Every structure is written in C-alpha cells, then in structure tokens.
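K.L.:
Sharing a structure with you now.
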Amino acid sequence: MIVTYRLQGLDGEATEPMIKELEEDRVESQDPEVEFAIDGAVREYDGLEILLRMILRLRDDFKSNQEQLVAVLNLLMHCYKIRENRRALLRLGALGLLLETARRAFSVDAMEPAEGILLIVESDNGSK
C-alpha cells in the first residue's frame, strides 16, 4: 500500500480530502471447518501419517532441517483446524510426538519449530 502524506496549507495546493482515520476492513470470519475443509483430504489420503513420519525424521537434526520442519508444521497447523483431523491426529499419537519434538527443539535452541509446535498443541479446542 502506498501512503502519500502532505502537510495541509504549506504550499497552498493541498486539495486532497483529509482522512483522519482508516475504516476497518469488515471481513466476516468464516467457520474454520468451512474455510479449511480442503484439509480434510490430507486425512482421507493418509497425509496426516506422512506428516507425522516427516516430523519424526526431521527432528533428528533441527539445525539442518529447520526450514523443512517449519513448512511441515505450517501444513499441520492448517490440518489441525478441522475437527476430524484433530481427532485422527490424537488417535495417531500426535500429541506425544509433538510435545517430545518441542522438548527436543527447546533443548537445542531451535525456537521457531518449538514455538510452532506449541501453537499447534495450544490451538486444540478439546476436539469437540
């Protein structure tokens, strides 16, 4: 966004209307179950299991694999917004895997993946 600012009255040519505040974007929030419904396909085609296996492999060397791990965690975060995906991940033992991975990440100061994992775990709505 480009913002042009002119001081009123300095050169006598400022004819633009004065804007004192910007209107807030009124975007209605959509139900995550609808907004992220496509992420259900990840569960249906065994993608959740693949993501968990990738985390298992990538966590062995956080420093070398940090970029890939963050990408996998971002995808997992989107998948986690769907109730059925959360339930499936709990059945697959993802909570223990994620907490152990976060512990390992904190122990080697890999903060970005560790914080991403905690955001995923924190976002659990009780799998209602």
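The values are calculated or read from the model by the stated rules, or taken from the named source; none is laboratory data. All values reported here derive from a predicted model rather than from experimental measurement. Positions of Cβ are generated from backbone atoms using ideal geometry, with glycine treated the same way; all protein chains shown enter the neighbour counts. Please note that ligands, DNA and RNA were not included when accessible areas were found on the heavy atoms of the full protein model with its side chains. Shrake-Rupley method; radii C 1.70, N 1.55, O 1.52, S 1.80 Å.
K.L.:
Within the set of pairs 6+ apart or on separate chains, which have a first residue in the range 49-78 that is closer than 15 Å to Glu100 by Cβ, a second that is buried (at least 18 other Cβ atoms within 10 Å of the Cβ) and among the charged types (D, E, K, R), and C-beta atoms under 9 Å apart?
P.N.:
From residues that are closer than 15 Å to Glu100 by Cβ, the pairs are Leu69/Arg59.
K.L.:
When residues of the range 37-53 are filtered for being closer than 14 Å to Lys81 by Cβ and surrounded by fewer than 18 Cβ atoms within 10 Å (Cβ to Cβ), how many remain?
P.N.:
Selection size over the range 37-53: 4.
K.L.:
Would you be able to tell me the number of residues in the range 18-62 that are part of a loop (DSSP other than H, G, I, E, B) and among the aliphatic types (A, V, I, L, M)? Please lay out each step first, then the result.
P.N.:
Going through the range 18-62, the residues part of a loop (DSSP other than H, G, I, E, B) turn out to be 18-31, 36, 45-46, 59-61.
Imposing the further condition that a residue be among the aliphatic types (A, V, I, L, M) reduces the set to 18-19, 22, 27.
Looking only at that region, the number is 4.
K.L.:
Would you pick out the residues in the range 65-83 that are of a type outside the set (A, V, I, L, M, F, W, C) and either closer than 11 Å to Val42 by Cα or at pLDDT below 90 (or both)? Break it down stepwise before answering.
P.N.:
Taking the range 65-83 as the starting set, the residues that turn out to be of a type outside the set (A, V, I, L, M, F, W, C) are 65-68, 74, 78, 80-81, 83.
Within the range 65-83, Gln66, His78, Tyr80, Lys81 qualify.
K.L.:
Give the number of residues within the range 63-94 that are among the hydrophobic types (A, V, I, L, M, F, W, C), over 13 Å from Leu51 (Cα atoms) and in a helix (DSSP H, G or I). Steps first, please.
P.N.:
Applying the first criterion (among the hydrophobic types (A, V, I, L, M, F, W, C)) to the range 63-94 yields 69-73, 75-77, 79, 82, 88-90, 92, 94.
In the following step, the residues that additionally are over 13 Å from Leu51 (Cα atoms) were identified as 82, 90.
If we keep only those that are in a helix (DSSP H, G or I) too, we end up with 90.
The number of residues fulfilling the criteria is 1.
K.L.:
Of everything in the range 58-93, what is of a type in the set (Phe, Trp, Tyr) and either over 13 Å from Ser123 (Cβ atoms) or open to solvent by 30 Å² or more (accessible area, probe 1.4 Å) (or both)? Give them in sequence order.
P.N.:
Pass one, the range 58-93, residues of a type in the set (Phe, Trp, Tyr): 62, 80.
Listed by number, the list holds a single entry, Phe62.
K.L.:
Name the residue, out of Phe36, Phe106, that is aromatic (Phe, Trp, Tyr) and touching a Lys or Arg at 6+ places or on another chain (Cβ under 7 Å).
P.N.:
Working: Phe106 fails: touching a Lys or Arg at 6+ places or on another chain (Cβ under 7 Å).
Exactly one of Phe36, Phe106 is aromatic (Phe, Trp, Tyr) and touching a Lys or Arg at 6+ places or on another chain (Cβ under 7 Å), namely Phe36.
K.L.:
Please enumerate the residues belonging to the range 94-128 that are under 26 Å from Glu33 (Cβ atoms), in contact (Cβ under 8 Å) with a residue 24 or more places away in the chain and either in contact with an Asp or Glu (Cβ under 6 Å, 6 or more places away or on another chain) or surrounded by fewer than 17 Cβ atoms within 10 Å (Cβ to Cβ) (or both).
P.N.:
Leu95, Leu119, Val121, Ser123, Asp124, Asn125, Ser127, Lys128
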